[in-house]
Amino acid sequence: MKNHPSSLLALGVRTQKLVLALAVPLMGITALPAAVNPPGSKETVGPAGTNRFVTPVSQILTPAGIQISLPGLRPQAIALSPDGSILIVSGKTAELLVLDPKSGTLLQKVELPADPKDTEVPDPVSTHLLKPDTHGQLSFTGLCFSRDGRRIFLSNVNGSVKVFTVDNGLVHPLTSFLLPPVPASVARRAKEIPAGLALSEDGKRLYVAANLSNGLLELEATTGKLLRRFEVGVAPYDVVLAAGKAYVSNWGGRRPEMDDLTGPAGRGTLVRVDPKRHIASEGSVSVIDLTHGSVLREILTGLHASALALHPNGRHLAVANAGSDTVSVIDTSSDTLIQSLSLRWQPTDYFGASPNALAFDPQGRQLFVCNGTHNAIAVVDFHPRNAKLRGLIPVGWFPGAIAFDPARRRLHVANIKGTGSGRRTQMSQPAEHNSHDYVGTLSLVDVPDRRRLVAHTRTVLSNCRRDLMEAAQLPPRSQQPARPIPERSGEPSVFKHVVYVIKENRTYDQVLGDIPEGNGEPKLCTFGERFTPNQHKLVREFVLLDNIYCAGILSADGHQWSTTAFATDYMEKSFAGFPRSYPDGMEDDDIDALAYSPGGFLWDNALAHGKTFRDYGEFAIEVSGWTDASRKPAPRWVDFYNDFMSGKGETFMRSRPAIESLRPYLNTNTVGWGMEVPDVYRAARFIEDLNRFETSGEMPNLIIICLPNDHTSGTKAGAPTPGAYIADNDLAFGRIVEAISHSRFWKETCIFAIEDDPQAGYDHVSGYRTTG
């Protein structure tokens, strides 16, 4: 079940013999830094009118209220001072932003206090005189005021909690609390990852969710001295205090026991996974008795238990379960789960609401929930055991933090993705967009009355393409003719085989900007027809897609979008340095079951429908080298290439699955990632299998091929030039298409090819636009 699948047009006729790519010398040159709108739409991704934006996942943004643009920032935490005078925001940045909550005017940019040297003792008086921390970033969450409003605490991904003072409305950096390092036996990373924060009622104790070491830390709030540590579940996210107890949400649920089926969740962590797909399968809340210093119990909730919100009466705790599209309600007197409320608009909706942040109004009558993938705030009428979803308020792209302003009856919302990518050089001609040019936003929205909420809800449903989702769920009709693209799911297609090629990191303009028939910018075309003759020939003979986009920004989320058509809350909140993993599935440290969509992978869906599947490198770990193990150093690209051309067999390339469920379907005699292996080598391994399919008369229904060398290695010594890598990739892709088009399966086969992300280049339309 997927929310925003990308769609590509199929190639459907025999090709002529393909053009060979250029051979480019091995030398260093500078490399420049990769969803589709509904049929008939001519809008491009980006601004599309006053207060209207088109996202690369085909959703529209028309946010309500006051919108504050934050170029260069992915805001992930927000807090309002107790007196309501200032609003603070942090995210992927080395600064704390201070704003006027009435107008959204930026009042201050405050540098983060530096971490003291390991030999120094943190001194609240003098530490702020040290050089500011220019590398610090917020972790997943964690930003709060002291009860008197005179201190601010911020979780920092680099193993510390940053502390600021507030004096006459001005914020100043004060000190940095270094957290205990994480033992090597627990994780490969030494620095803790602080997440959610909570202060005791008397302000003397600061509680920190220790996301990497699976603990809750109790610190002295004035010095940062560690007082106690409590063991909790996997990847704790948030913490709330109530009735002498601490409640800690665990993204990954309970810690695995001896006989549990587990999978890796980043650097050194194991998490419980489901048996079929090996995706993280639990979420939970740990309950700790702070008086006696003991863990009382662990309450199972939905998947990806993340943000917590305590009802004003202290009796009920709301838990956002982003991986299950639900909010759990816990009775704090009995510590039992009393309700699970779905945040999908209709029970039959596809997976993908992603409730991930919450706030009650002061009376506790309404609960406001950030539905990340609806780009909306869900308004819930709160009644214990009978809470009900009443409506939706449109905000920016992926709201991920929220604060309620009681004086103004206003919601302050941090939209992590905001409006997507901006322009790197505002005055340049042509415009230069890149996916890393983040433009987060804040939405300052007055709480609507019932009538206004109805209108807001209609807007959200329209912006999320509600009509298309409902059309996709219509039942198949009988006696329909086979079509290339069936009008309804379950109706017959002329195609029996899909070959899906995932490439790496190019924009449309970089490769196809030199084609005059398309909406291209030749000045940004770095790897045009000289380097990519086969792709140019294909788009001229078939179809030129100049309005197609990647949904991802970089490889970590790009491979999630490419294979699950979704990015989880865990994924969207990991951009502050990717502290737990970089979950593209290409190396051991980058295997993370928490990053995978609970809706499953593309191949899970195919297999569930009785289709056959074969994988060539996607989510596979490279194992390659010299056949003679004593030979040193490791083979380079030129060694693999020469061995491939000579056929001597001096090198080998193999892979093993990054996700255990792929094992029966992975071709282990090829690799996915590995810039030292030529793409033509990968293509040859697929073509060897294709020849066997010809002999047997059977070809898998779904084939996925990782073809990554258009990523290039930049100007790395001993590697091909970027142009040579691009040419290698183009030739390999051409050979794959040529081989399939001359096979017995061609009339029943379609080929899709797209980049996983567009991050390594520029485009004059959008940083998300790519080749397809």
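The values are calculated or read from the model by the stated rules, or taken from the named source; none is laboratory data. Because the structure is a prediction, the values reported are computed rather than measured. Neighbour counts run over all protein chains shown; Cβ positions are idealised from the backbone, glycine included. To get the accessible areas, we keep the full protein, side chains included, count just its heavy atoms, and leave off ligands, DNA and RNA. Shrake-Rupley method; radii C 1.70, N 1.55, O 1.52, S 1.80 Å.
Summary table below
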read-out: Selection count, region 99-115, where residues are in contact with a Leu (Cβ under 7 Å, 6 or more places away or on another chain), of a type outside the set (S, T, N, Q) and either at pLDDT below 70 or part of a loop (DSSP other than H, G, I, E, B) (or both); value: 6
read-out: Any hit, region 530-553, residues being open to solvent by less than 20 Å² (accessible area, probe 1.4 Å), farther than 21 Å from residue 673 by Cα, modelled with pLDDT of 95 or more and part of a loop (DSSP other than H, G, I, E, B); value: no
read-out: Test: residue in region 729-740 that is under 27 Å from the mean Cα position of the chain (by Cα) and open to solvent by less than 10 Å² (accessible area, probe 1.4 Å); value: yes
read-out: Residues within region 484-496 that are under 21 Å from residue 541 (Cα atoms), of a type outside the set (Val, Ile, Thr) and out of contact with any Gly (no Cβ under 7 Å at 6 or more places or on another chain), tallied; value: 1
read-out: Pair list, Cβ under 7 Å, 6 or more apart: region 519-538 residue among the β-branched types (Val, Ile, Thr), other residue modelled with pLDDT of 95 or more; value: 526/510; 532/511; 532/726; 532/730
read-out: Criterion: open to solvent by less than 30 Å² (accessible area, probe 1.4 Å) and β-branched (Val, Ile, Thr) - qualifying residue of 460, 454; value: 460
read-out: Test: residue in region 651-662 that is within 21 Å of residue 724 (Cα to Cα), among the β-branched types (Val, Ile, Thr) and within 31 Å of the chain's Cα centre (by Cα); value: no
read-out: Residue count for region 631-654, restricted to those that are under 20 Å from residue 692 (Cα atoms) and either assigned to a loop (DSSP other than H, G, I, E, B) or of a type in the set (Ser, Thr, Tyr) (or both); value: 1
read-out: Test: residue 506 is open to solvent by 40 Å² or more (accessible area, probe 1.4 Å) and not hydroxyl-bearing (Ser, Thr, Tyr); value: no
read-out: Boolean, residue 248 is assigned to a loop (DSSP other than H, G, I, E, B) and open to solvent by less than 10 Å² (accessible area, probe 1.4 Å); value: no
read-out: Residue match in region 605-617 (condition: buried (at least 24 other Cβ atoms within 10 Å of the Cβ) and closer than 25 Å to residue 714 by Cα); value: yes
read-out: Those strands (runs of 3 or more DSSP E) lying entirely in region 339-407 with at least 3 residues within 17 Å of residue 454 (Cα to Cα); value: 366-371, 376-381, 388-394
read-out: One residue from 306, 328 being modelled with pLDDT of 95 or more, in contact with a Leu (Cβ under 8 Å, 6 or more places away or on another chain) and surrounded by 17 or more Cβ atoms within 10 Å (Cβ to Cβ); value: 328
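A quick yes/no check of all residues on (1) loosely packed, with under 15 Cβ neighbours inside 10 Å; (2) under 18 Å from residue 736 (Cβ atoms); (3) of a type in the set (Ser, Thr, Tyr):
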site	(1), (2), (3)
646	yes, no, yes
659	no, no, no
664	yes, no, no
680	no, yes, no
690	no, yes, no
